[in-house]
Amino acid sequence: MTVLLELDGVRAAYGPVQALFSIDLALAEGEVLALLGRNGMGKTTTVRTIMRMLPLAGGRVSFAGQDISRLPSHRAAQLGLGLVPEGRRCFAPLTVSENLSVAARPGEWTLPRVLELFPRLGERMGQPARTLSGGEQQMLAIARALLTNPRALILDEATEGLAPVVRAEIWAAIRALKGKGISILVIDKSLKDLRTVADRAAIVERGRTVWHGAMADMGEDAVARHLGV
Ligand code: ATP
């Protein structure tokens, strides 16, 4: 098992307010890792530190064997970290086609392959992104991240606010991506769906990873203790 992305004792703050106290996690090559935790526990903040959008106050982030703790954000993306951010940020006035072409970088993921995964986008290439449904915008956000040909894909609440049938389509796409061997870090509220795709999980509580292990080993006790409402 080759570790692709590793966080070791990561700390981070928003100005004077510390949000992360000690985050440890490891994403192996070809694996799906679920990052779990109740609202406001630090999942998105963890993603921001990985993507270098937030400076580290301590600890270490490494990617593909390289210490990236102090790397500027654009370099993190160049190294092969692909983010589908919370709230699916597409360029609203640009067309689907334009949104996709600004992202593209040479590699295995080409426009035809991405449209094979999301045929609906192919039917809407000339349409401004703002006229897409929520689910289609999410597909566009994933397609865009794939076209950067990342070595690891980070999905932050990719199914949030979507109708159940559209959510199922996004999960099917995530499973297809896993089948193609992409390493994925996924944040989502649906434990049920995560159990169908994640190999391992890490649970964050008040800025600390409090549980880390195989998804199959995450029993009802851990769920009730760390994720229960
Ligand atoms: P959610 O599921 O609600 O998105 P989360 O686990 O992703 O939750 P974060 O968004 O990482 O949680 O928030 C962790 C902590 O950092 C919270 O206490 C939150 O209030 C704080 N926080 C998040 N973003 C900012 C910000 N831009 N400025 C100040 N504090 C922030």
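Descriptive notes on the structure:
- Hey, R11 more than 11 Å from the ligand (Cβ to nearest atom), modelled with pLDDT under 95 and either of a type in the set (D, E, K, R) or outside the structural domain of T196 (by TED's automatic domain parsing) (or both) or not: no
- Of R195, R200, all but one fail to be away from the ligand (no atom under 13 Å from the Cβ), over 24 Å from E116 (Cα atoms) and without any contact (Cβ under 8 Å) to a residue 40 or more places away in the chain; the exception is R195.
- From the list L56, L25, the lone residue that is modelled with pLDDT of 95 or more and out of contact with any Leu (no Cβ under 8 Å at 6 or more places or on another chain) is L56.
- Filtered residues of region 50-82 (kept if free of Cβ contacts under 8 Å to residues at least 40 places away in the same chain, within 16 Å of the ligand (Cβ to nearest atom) and surrounded by 19 or more Cβ atoms within 10 Å (Cβ to Cβ)): R52
- Exactly one residue out of A176, A201 is farther than 16 Å from L5 by Cα and either hydrophobic (A, V, I, L, M, F, W, C) or outside the structural domain of L56 (by TED's automatic domain parsing) (or both), and it is A176.
- Where helices (runs of 4 or more DSSP H) sit wholly within region 152-229, those with at least 1 residues that are surrounded by 18 or more Cβ atoms within 10 Å (Cβ to Cβ) occupy 164-179, 191-197.
- Among residues of region 143-169 that are free of Cβ contacts under 8 Å to residues at least 60 places away in the same chain, none has a Cβ under 9 angstrom from a residue that is within 16 Å of the ligand (Cβ to nearest atom) and of a type in the set (F, W, Y) at a sequence gap of 6+ or on a separate chain.
- Of all residues in region 218-229, those that are within 22 Å of V197 (Cβ to Cβ) have Cβ atoms under 6 Å from Cβ atoms of residues that are among the acidic types (D, E), 6 or more apart or on another chain, in H226/E205.
The values are calculated or read from the model by the stated rules, or taken from the named source; none is laboratory data. This one's a predicted model, so the numbers in the text were calculated from it and none came from an experiment. Backbone-built Cβ (ideal geometry, glycine too); neighbour counts: all protein chains shown.
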